[in-house]
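Student: This structure is in structure tokens; I'll ask about it shortly.
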Amino acid sequence: MQSYQEFLDLSVGFPQDGFDIIDDELYFHDLNLMEMIETYGTPLRFTYLPIISKKIQQAKILFQTAILKHNYRGSYMYCYCTKSSHFKHIVEEALKNDIHLETSSAFDMPMIDALERQGAVTKDITVICNGFKTYQYKQYIVDMLHDGFRNIIPVLDNKEEFNMYDDEVELDAPCNLGIRIAAEEQPDSQFYTSRLGIRMEDVIDFYNSKIAENPHFKVKLLHFFINSGISDTPYYWNELEKYVTLYCKFKKINPDLDTLDIGGGMPFKDSLVHDFDFEYMVNEIVNRIKQICAHHEVLEPDIITEFGKYTVAEASGILYKVLGRKQQNDREKWLMLDGSFITNLPDVWALNQKYILLPINNWDSEYERVNLGGITCDGQDYYNQEAHMNSVFMPKTRKVQYLGFFHTGAYQEVLSGYGGIHHCLLPSPKHVLIRRNRDETFNYEVFGEEQNSKQVMKLLGYQ
């Protein structure tokens, strides 16, 4: 019988970039995971911050290379989509790479204000303000514009949003605005058009009637988001062509328009057989925008992206211990973990999202097909198939077994809630941040201890 390591190598090719096996144990970007488990216990959430900078630099190089290759006359700006993870350690790591920010709700604004007061950003930072805006969100935008954040760009999600800016924004120079196009949904969607943005056929009429003659505002940016994410599909390319064509028509009547925000949606590696061709896609996007603009005799726009998952997903993982093994019938074997998918990795439960799943130890053991069970009393708290196969395989052993889910850094902690009350009152796991010192050694910091019962009882009103 093959060992688990031989089985995985024959199935998908292993080791892979970022993963290695040393002395029968898994290493993640040179991090000794068994050593982390022995030090901090499980369940353990960890974030290896240098990966964030690595991903940003990779994307910037791809776009700059494509711009040079195609003699593209616009520039490229990388904005981090803060809703993927708002934590200070994440945003500060991203900001080391000369990037800008995209926001989606009111509390993003005081967060940026705090970063400026702490010296992490200056008031020159570009902030793309997206989303359907509450009164408080709009008020924060107005206040920060008046406070000297001149590169805040409110992206109008509906026509009425402009009224508050028109009433309250008073600046020496015109305020830059964006307009979001309401994109068409994917063919299999329950809806035809996104609930966000202004209808495509209304954009130019709205500009002409409300903004064109207003000396206090300029429409500088046109924004869209294609819900499939960036993908080499007829749907994606068709949508891209429509919105770049609208940009060209709009540019001819509005010379201030010079920026196209193509949104987010760059995928992350969620499987050991992930084969997305990043270089091809970036080249193709830049080339197609250039060709469409050339056809309409319009200068190519500056390009902005808002990558969230791509930026942060691959920096994090969560490690579990197998608490017990259960043979429930002659075919179904369960490994019961010391945590929960519903509370720790909610996209597994809500979206059927798959992550890279690997054992931490016992790689020399034989392998077997298993189901993974979370510790809550919920029928949906399980994981039973990988993105690259319809099953889960783990080492077949009676020894203590640990396993990890990797590339989990986007949305999971925000959706599951940091602290607070969780399903079945399971505690938030301990969270460790890892940085790399100049001498290439690792620096570990406990960001959050595992929640204790007193904290939970107080939240529930028992104390």
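Student: Those residues that are of a type in the set (A, V, I, L, M, F, W, C), more than 29 Å from Lys88 (Cα to Cα) and surrounded by 14 or more Cβ atoms within 10 Å (Cβ to Cβ), I need them from region 369-408; list them, please.
Tutor: Residues satisfying the conditions are Val370, Leu372, Ile375, Ala387, Met389, Val392, Phe393, Met394.
Student: On to the next question. Please list, ordered by first then second residue, the pairs with beta carbon atoms under 9 Å, 6 or more apart or interchain, first in region 311-330 and free of Cβ contacts under 8 Å to residues at least 24 places away in the same chain and open to solvent by 70 Å² or more (accessible area, probe 1.4 Å), second of a type in the set (S, T, N, Q) and part of a strand (DSSP E or B).
Tutor: Within 9 Å, the pairs are Gln328/Asn371.
Student: Moving on to the next point. What number goes with the only condition from (1) under 17 Å from Phe341 (Cβ atoms); (2) outside any helix (DSSP H, G or I) that Cys424 does not pass?
Tutor: Answer for Cys424: the failing condition is (2).
Student: Any idea which of Lys251, Lys220 is out of contact with any helix residue (DSSP H, G or I) (no Cβ under 9 Å at 6 or more places or on another chain) and either in a strand (DSSP E or B) or more than 27 Å from Gln412 (Cα to Cα) (or both)?
Tutor: On the way: Lys251 fails: out of contact with any helix residue (DSSP H, G or I) (no Cβ under 9 Å at 6 or more places or on another chain).
The match here is Lys220.
Student: Have a look at Phe46, Phe63, Phe14 and point out the one that is in contact with a helix residue (DSSP H, G or I) (Cβ under 8 Å, 6 or more places away or on another chain) and either at pLDDT below 95 or in a loop (DSSP other than H, G, I, E, B) (or both).
Tutor: On the way: Phe46 fails: either at pLDDT below 95 or in a loop (DSSP other than H, G, I, E, B) (or both); Phe63 fails: either at pLDDT below 95 or in a loop (DSSP other than H, G, I, E, B) (or both).
From the options Phe46, Phe63, Phe14, the qualifying one is Phe14.
Student: Follow-up. For residues that are open to solvent by 10 Å² or more (accessible area, probe 1.4 Å), without any contact (Cβ under 8 Å) to a residue 60 or more places away in the chain, assigned to a helix (DSSP H, G or I) and of a type outside the set (Val, Ile, Thr), tally how many sit in region 288-307.
Tutor: Number satisfying all stated conditions: 4.
Student: Take Tyr207 and decide whether it is at pLDDT 95 or above and among the hydroxyl-bearing types (Ser, Thr, Tyr). Quick ask: steps written out before the conclusion?
Tutor: Details: at pLDDT 95 or above: yes; among the hydroxyl-bearing types (Ser, Thr, Tyr): yes.
In short, yes.
Student: Can you say whether Tyr411 is open to solvent by 20 Å² or more (accessible area, probe 1.4 Å) and either within 30 Å of Met1 (Cβ to Cβ) or at pLDDT 95 or above (or both), as far as the supplied structure shows?
Tutor: Working: open to solvent by 20 Å² or more (accessible area, probe 1.4 Å): yes; either within 30 Å of Met1 (Cβ to Cβ) or at pLDDT 95 or above (or both): no.
In short, no.
Student: Being of a type in the set (Asp, Glu) and closer than 16 Å to Pro359 by Cβ is the filter; apply it to region 13-34 and report the residue that is most open to solvent (accessible area, probe 1.4 Å). Let's see the steps before the verdict.
Tutor: Let us first name the residues in region 13-34 that are of a type in the set (Asp, Glu), namely 17, 20, 23-25, 30.
From the residues that got through so far, the ones that are closer than 16 Å to Pro359 by Cβ too are 20, 23-25.
Numbers: Asp20: 70, Asp23: 137, Asp24: 45, Glu25: 54 Å².
Top of the filtered list is Asp23.
Student: OK, next. Pairs, please: C-beta under 8 Å, at least 6 apart or cross-chain, first residue closer than 15 Å to Leu319 by Cβ and part of a loop (DSSP other than H, G, I, E, B) and in region 348-359, second open to solvent by 10 Å² or more (accessible area, probe 1.4 Å) and at pLDDT below 90?
Tutor: Close Cβ pairs (under 8 Å, with a partner that is open to solvent by 10 Å² or more (accessible area, probe 1.4 Å) and at pLDDT below 90) amount to Tyr355/Val348.
Student: Restricting to region 218-245, name every residue that is open to solvent by less than 10 Å² (accessible area, probe 1.4 Å) and touching a residue at least 24 places away in the same chain (Cβ under 8 Å). Break it down stepwise before answering.
Tutor: So in region 218-245, the residues open to solvent by less than 10 Å² (accessible area, probe 1.4 Å) come out as 219, 221-224, 226, 229-230, 236, 239-240, 243-244.
Within region 218-245, Val219, Leu221, Leu222, His223, Phe224, Ile226, Gly229, Ile230, Glu239, Leu240, Tyr243, Val244 qualify.
Student: Report the residue count in region 239-250 for those that are more than 24 Å from the chain's Cα centre (by Cα) and over 13 Å from Ile179 (Cα atoms). Before the answer, list the steps.
Tutor: The initial filter retains those residues of region 239-250 that are more than 24 Å from the chain's Cα centre (by Cα), namely 241-242, 244-250.
This time we only want the ones that are over 13 Å from Ile179 (Cα atoms), so: 241-242, 244-245, 248-249.
Of the residues in that region, 6 qualify.
Student: Quick one: which helices (runs of 4 or more DSSP H) lie wholly within region 70-172 and hold at least 3 residues that are within 17 Å of the chain's Cα centre (by Cα) and buried (at least 16 other Cβ atoms within 10 Å of the Cβ)? Can you show your working first?
Tutor: Details: elements: 88-95, 108-117, 135-146, 161-168.
Answer list for region 70-172: 88-95.
Student: Here are Tyr40, Tyr78: which of them is aromatic (Phe, Trp, Tyr) and farther than 20 Å from Pro267 by Cβ?
Tutor: Details: Tyr78 fails: farther than 20 Å from Pro267 by Cβ.
None of the others qualify; the one that does is Tyr40.
Student: Further, regarding this structure: All but one of (1) under 24 Å from Thr311 (Cα atoms); (2) touching a residue at least 60 places away in the same chain (Cβ under 8 Å); (3) not in a strand (DSSP E or B) hold for Gly404; state the number of the condition that does not hold.
Tutor: The number of the failed condition is (3).
Student: Only one of these is closer than 30 Å to Trp237 by Cβ and touching a residue at least 40 places away in the same chain (Cβ under 8 Å): Val169, Val155. Name it.
Tutor: Values: Val169 fails: closer than 30 Å to Trp237 by Cβ.
Step by step, each of Val169, Val155 is checked, and only Val155 is closer than 30 Å to Trp237 by Cβ and touching a residue at least 40 places away in the same chain (Cβ under 8 Å).
Student: Considering only region 24-57, state which residues are farther than 22 Å from Glu449 by Cβ, touching a strand residue (DSSP E or B) at 6+ places or on another chain (Cβ under 7 Å) and of a type in the set (Ser, Thr, Tyr).
Tutor: The one that is farther than 22 Å from Glu449 by Cβ, touching a strand residue (DSSP E or B) at 6+ places or on another chain (Cβ under 7 Å) and of a type in the set (Ser, Thr, Tyr): Tyr27.
Student: Can you name the condition, by its number, that Leu335 falls short on among (1) open to solvent by less than 20 Å² (accessible area, probe 1.4 Å); (2) over 23 Å from Gln451 (Cβ atoms); (3) assigned to a helix (DSSP H, G or I)?
Tutor: All conditions pass for Leu335, except number (3).
Student: Kindly indicate which of Tyr310, Tyr320 is modelled with pLDDT of 95 or more, within 17 Å of Thr47 (Cβ to Cβ) and not in a strand (DSSP E or B). Break it down into steps so the answer makes sense when it comes.
Tutor: Details: Tyr320 fails: not in a strand (DSSP E or B).
Going through Tyr310, Tyr320 in turn, the sole match is Tyr310.
The values are calculated or read from the model by the stated rules, or taken from the named source; none is laboratory data. Quick caveat, the model's predicted, so the values are computed rather than measured. Ideal geometry is used to build each Cβ from the backbone, glycine not excepted, and the neighbour counts take in all protein chains shown. These area figures cover heavy atoms from the full protein model, side chains too; ligands, DNA and RNA do not enter into them. Shrake-Rupley method; radii C 1.70, N 1.55, O 1.52, S 1.80 Å.
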